Structures are given as C-alpha cells and as structure tokens.
Amino acid sequence: SQLHNPGSPFASILEASELGMAYMENPDFDKQSIKVTTLDDFLGKRRESVELKRTFLKIDVQGFEMKVLLGGNNSLLDIPMVMVECVLNSLYRESSDLSKIIEFMKEKGFMVAAIHSDNWFNGFAPDCDVIFSKSR
C-alpha cells in the first residue's frame with residue numbers, strides 16, 4: 001500500500017480531507033510504499049509467544065480503524081480490552097465511522113468502557129480514544 005506521510009504524526013494510508021489539510025502544518029506529502037498485513041496474520045504467527053487473553057490492544061491508525069478491526073476478526077475473540085483512537089471529525093478521506101466501530105465491537109462482545117479526548121483544534125476534537133472491554 002501507499003503511506004501518505006506529511007512528516008508528522010498524521011501519516012496515513014488514507015488521503016487527507018480538506019479539514020485534514022488545514023489541521024496538518026505541512027500539506028506536502030511524501031508517498032512511501034509499505035507492506036500491510038491483517039491483525040489476525042500478525043498475531044497468528046505469534047500465538048505461542050503472545051497470550052491474547054492478557055492483551056490490551058491499542059489501535060491508532062489515522063482513520064483506518066475499521067479495516068484493522070475487520071482484519072482482526074479471530075484475534076478479537078480472545079483479546080479482553082481494546083483502545084481505538086476513533087475519528088470524530090474526519091481528517092482523512094474515507095475514514096472509519098465512530099458509530100460503526102462501536103456497533104462492530106458490540107457484535108464482537110465488547111462494551112464501551114470509556115471515551116476520552118484531549119486533542120482540540122479550533123474548537124473541535126478531531127478524534128477520541130474509546131476503550132472497549134469484553135462484556136461479562
């Protein structure tokens with residue numbers, strides 16, 4: 001895949017939206033070729049060394065959250081807690097939708113444990129951290 005890299009923490013596989021271009025100080029992007037794999041493939045190769053039932057998974061992928069979660073279908077069955085940085089005001093074209101992420105995680109047996117945002121830009125929060133915990 002191609003990574004759009006503005007030389008800041010806002011590098012993403014997705015292209016910046018109009019809002020994203022205003023948010024990012026450097027509108028010039030370098031494109032870098034990167035290898036992409038699914039979460040299931042990544043964790044599957046490490047199952048012997050990783051105890052998924054004791055894992056806290058953090059996902060911060062600049063708008064690509066739903067794709068990562070879909071690629072972790074099997075791993076999410078064993079992981080008890082997940083934190084996802086979710087987009088509220090899209091900095092990227094075709095970024096994940098918060099309500100769809102919450103619904104997907106509910107279908108996987110998770111509930112929202114906490115939501116927090118400390119990232120503000122011109123009066124709005126572009127994203128928030130959502131912590132999901134397995135329902136008991």
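The values are calculated or read from the model by the stated rules, or taken from the named source; none is laboratory data. What you see is a predicted model; the values in this text were computed from it and never measured. With ideal geometry, Cβ positions are generated from the backbone for all residues, glycine too; neighbour counts draw on all protein chains shown. To get the accessible areas, we keep the full protein, side chains included, count just its heavy atoms, and leave off ligands, DNA and RNA. Shrake-Rupley method; radii C 1.70, N 1.55, O 1.52, S 1.80 Å.
The set of residues from the stretch 116-136 being under 15 Å from the mean Cα position of the chain (by Cα) and open to solvent by 30 Å² or more (accessible area, probe 1.4 Å) comprises His116, Ser117, Asp129, Ile131.
Among the residues of the stretch 48-72, those that are modelled with pLDDT under 90 and either touching a helix residue (DSSP H, G or I) at 6+ places or on another chain (Cβ under 9 Å) or at positive phi (or both) comprise Val50, Leu52, Thr55, Val61, Gln62, Gly63, Glu65, Met66, Val68.
On inspection, Met83 passes the criterion of being at pLDDT 65 or above, touching a strand residue (DSSP E or B) at 6+ places or on another chain (Cβ under 8 Å) and not small (Gly, Ala, Ser). Considering only residues of the stretch 105-136 that are touching a Ser or Thr at 6+ places or on another chain (Cβ under 6 Å) and assigned to a loop (DSSP other than H, G, I, E, B), which is farthest from Gln62 (Cα to Cα)? Result: Gly109. For the structure I just gave you, tell me whether Asp118 is over 25 Å from Gly44 (Cα atoms) and of a type outside the set (Phe, Trp, Tyr). In short, yes.
Looking across the stretch 93-104, the residues that are part of a helix (DSSP H, G or I) and open to solvent by less than 50 Å² (accessible area, probe 1.4 Å) come down to Leu98, Ile101, Ile102, Phe104.
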